[in-house]
Amino acid sequence: MTTDLAAPVISEEAISVWDGRLTMRIKVAGAGAPLLYLHPAAGLRWDPFLSHLAESFTVYAPEFPGTSVGDPYAIHAVDDLPDVVLVYEELVRKLGLHNAVLVGQSFGGMLAAELAATFPGLTDRLVLLDPIGLWREDAPVASWMSTPPEQLPALLFHDPTSEAARTLLAMPEDPEMARAATAGMVWAFGCTGKFAWPIPDRGLRKRLHRITASTLIVWGEHDRLVPPTYAQDFHALVADSRVEIIAGSGHVPQVENFPATVRVVDEFLRRGRAVTR
Amino acid sequence: MKITLFEQAPYRYLADDFETNNESVCSTSYSHTTRDGVYSSMRDFLDELMLGARAGFDGLAVTEHGQSSYDMMPNPDLVASALAYMTESEGLEVAIFPMGRSLGKAREPVRVAEEYAMIDVMSGGRLVAGFPIGLHYDASINNGVPPIEIRPRFDENLELLLRAWTDPEPFPWNGRFSQYPQVNIWPRPMQPQPPVWITGIGNPRTMQMCLERNFGFNYLSWFGAKLTGKRIFDRFWEVADQVGVPRNPYRLGFAQTIAVAETDERAEREYAAHLEYGFRKGLGSIPPEKLGLPGGIDIRGVQALLKDPGDFGLYAQMRHATFAELVDAGVVICGSPATVRDQVMEFCTEYGIGNLHAMLGFGSLPRDLVMKNIQLFAEEVAPHLRGLWHDSEHVHHWWPERLGGVPTAVTAGASATEGMPPEGVLTARSAPRAAVPAGAVR
C-alpha cells in the first residue's frame, strides 16, 4: 500500500447529457479498470484517496450539476432525485464505463446507492463511505446546511485540529480566490441540498434491497454527522454487504484515517466480494 | 406620500437576558411565554393597528413570520382579514397591506390567491398585496422548502396567483411545484388586480423584477438606514434607469422604526429600553446561518456579500446593540415630532421614497406607549410628510383606486430566479398567458 500523496495527471472531460440541457464535467485520472467516484455535498475536491485509487483504476469523478466552476445554474436542469439518477446513468453510458466500481462519499454515497439500486446492472462493486440517505428518529442525521460555518469542522471531523482535517478545510490565501471558493462550497451545499433538504431521506430505504452489487460500507467510528449506527441499517438492507468501522475518524474516514480506510477499500476491491463464500 | 402603520406582533415579555441565553428568536422554546402574555401581546397589537386606522394612516401593514417570538404571525392574512372587516364596518378608508404571504414558502399557492381575494372583497377593494420572496429560516426550516428552490417556487407561485386572480375561466395548472386540475377561485379580488409589492433587502435581481414587471418594491430597513439606505436606494434607482422606467417615488416603500414623544429627552427615556428589546430580541437574535441558507442566495450574491457585507448594516452587532448604536445607525429614529419629521423628510426626499411604513410598535413597548406613539405620529409628524410628492409629476400606480391610486397592470419581465433556463418554471408547463386579461387593463 502506498501513501504517496503526489497527485496524478488529472484530465477533464465534458459530456452533454439530458437532451443537451446539462453538460457534466468529469475529472479523470489513472489507468486500469474504471471507477466512478461520487463526491460529497461540498463538491468535488481531488484528495489523496482519489490519487490512491487512481494508482489501480481509471478514476472518473463527475461534478454534481451546478457545482462546476462557471456553470452554477445547471442545477435548474434537474428537479428531483430520479432526474439525477437518470442523468448519472446516462453519463456512465456516454463515458462508456462497463461495470465500473462505484464509490460514493456522504451525499455521493446516497447517490451511488440510488444508482446501484435503480440500475443493478451498472456495477458489481459498490463502496459507500458514511453515506446519507436513511433517517432514524433515535439518531437524526445532522443538518450540515444549517450548521454555522465555524461549527462545521467539529461536525465533520473527530479531530478538527488534525493536519488532515485542516488541509481539507484550507482556503486559498488570495482573498478573491478564497471568497470564490467559499461561495462555491456554499452553492454546492445548496445544489446537493436540493435533494437532501429538509430531511436527507428520499426513500432510499425502500430501494436498497434492489442492490445486487457486493457492497462495502465504511464508516468513521466517531461520525457526528451521520452516526455509525446507520452502517448496520445499510448492512441489513443490502444483501451482499460488509461493514468496516474506521477508528479515530469522523464523517470523512478517507481523510482522517487514510491508511485504515485504503486498507479495507483495497482489500475489498482486490477480492471483489463483500462476503466470503 | 403614503404612510402606513406597520407593526409586528412580538411576544412582549421575554426575560431581560434572553438574547444571551438563547440561540435565536426563531427556535424559542414556548416555555418562555405565559398565556396572558401571549394574549395581551396579540390583543394589544390588534388594538394598536385599529387605532392607526382611526388616526388616519393610509394603510396598515403586517408581515409573515412562522415559529418566531419576535413576530407571532404565521399567517398575516388572518390579521389582515380582521382589519379588513373592522375598518370596512367603521368606514375607514385605509389600505390593508399584508407584506405579506411569502410565495417562496407557500406550498398552497392557490390558498394565498384565495386569501388575498377574500381580503380584497371584505375590504371593498382596499388590499395592497405584498409578497416577500422568502426568508430562509421561514421557507426552509419552518416549511421544508430546499433553499435553492425558494426563488423558483416564488416565480411559479406568483404566475399561478396572478392568473388565478385575473383569468375569468377555470384553468388547469401543471407546475413544477404544484398541480391543479382546476383553478377557479371564488371570490376573485374586487380590484381588477390588487397592487403587487415585493419585499427585498437589496438583491438587484429582485429590484430588476419589480421594475420590469410593474411591482412596487418594499425595502424593510432593519439593518440601519443610515448605513444601508444610500447603497440600497441608489442601487434601486440605477436599476430603474437600466430598465428604463421613470424614477417614480411611489414604486418604492421603506420601513422605518420610529418613536415619537414630546421632547427628544423624553423620547429616549420612554422608548430606549423597548427599542433595545425590539432589536436584541428580534433581528439581532436571528443567527446568520438562519438568514442565509446555502442555495438560497445566488452564488454571485454570496461572493459579493463576502466581499462587502455593507447591505447588512448594523446586523452583526445587533444582538447587543445599545440605544445609541441603534440611533447612530438609523435603525431607529427617536425624538420629538420636529426631530422625527426632519429626519424622515430628509431621508425620503433624498432617496425618492413615496411610501413610508412607520413601525410604531416594537419589542416590549407597552400598549399605552404604542398608542401614544401612534397618536403623536399621526398628529404631529404625518401631516408634514404627506404632501412630499404632491407637486411632482408622478402618479401612484401601486395603490388601490378606491384610496386614490391609479393602478396599472402587471407586465412581463424578469423572474426572481437567476439563471433559470427559458424552458424553466415560467413557461414550460401551463404556459400562462399575460397575467391580466385585456378587459382588466386600464
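Derivation of every value follows stated rules applied to the coordinates shown; laboratory data play no part. Computed from a predicted model, the values in this text were never measured in an experiment. Note that each Cβ is placed from the backbone with ideal geometry, even for glycine, and that neighbours are counted across all protein chains shown.
Note on B:GLU108 and B:GLU238: with the Förster distance fixed at 45 Å, the Cβ-Cβ geometry gives a FRET efficiency of about 0.75.
The stretch between A:ASP240 and A:LYS94, if pulled fully straight at 0.36 nm per residue, gains 49.7 nm over its current Cα-Cα span. Each of B:TRP237, B:TRP398 has some number of other Cβ atoms within 10 Å of its Cβ, and from fewest to most they run B:TRP237, B:TRP398.
Per the Kirkwood formula applied to alpha carbons, the range B:2-440 shows a radius of gyration over Rh ratio, Rg over Rh, of 0.94. Sum -39500 (n - 2.57) across every DSSP H segment of at least 4 residues in chain B, then divide by the residue count to get the 222 nm mean residue ellipticity, nearest 500. Roughly -11500 deg cm²/dmol at 222 nm, from the helical runs in chain B. From least to most packed, judged by other beta carbons within 10 angstrom and beginning with the fewest, B:ARG386, B:ARG319, B:ARG213 follow the order B:ARG386, B:ARG319, B:ARG213. When a/c is below 1.5 the answer is rounded, else prolate if a/b is larger than b/c, else oblate, so apply that to the range A:10-271 with a ≥ b ≥ c taken from the square roots of the Cα gyration tensor eigenvalues. Rounded is the answer for the range A:10-271, as its axis ratio a/c remains below 1.5. Counting only other chain Cβ atoms within 10 Å of each residue's Cβ, the peptide B:286-297 averages 5. So what's Rg/Rh here for the protein assembly as shown, counting alpha carbon atoms and using the Kirkwood radius for Rh? With Rg and the Kirkwood Rh in hand, the quotient comes to 1.02. Does the range A:175-277 come out rounded, prolate or oblate, given a ≥ b ≥ c as the square roots of the eigenvalues of its C-alpha gyration tensor, rounded meaning a/c under 1.5 and, failing that, prolate meaning a/b above b/c? Verdict is oblate for the range A:175-277. For B:VAL62, nonlocal amide neighbours, meaning residues 5 or more places apart or on other chains whose placed amide H falls under 5 Å from its own, are B:PHE97, B:MET99. Peptide A:179-189 shows a mean partner chain C-beta count of 5 within 10 Å per residue C-beta. Taking the centroid of alpha carbons for each part, the range B:176-247 and the range B:363-387 are 27 Å apart.
Shown for the protein assembly as shown: lysine pairs separated by 8 or more places, or found on different chains, whose C-alpha atoms are under 22 Å apart, numbering 13.
Phi angles across the range B:359-374 convert, under the Karplus curve 6.51 cos²θ - 1.76 cosθ + 1.60 with θ = phi - 60°, into 3J(HN,Hα) values of 8, 10, x, 7, x, 8, 4, x, 3, 5, 6, 4, 4, 5, 4, 5 Hz, Gly and Pro given as x.
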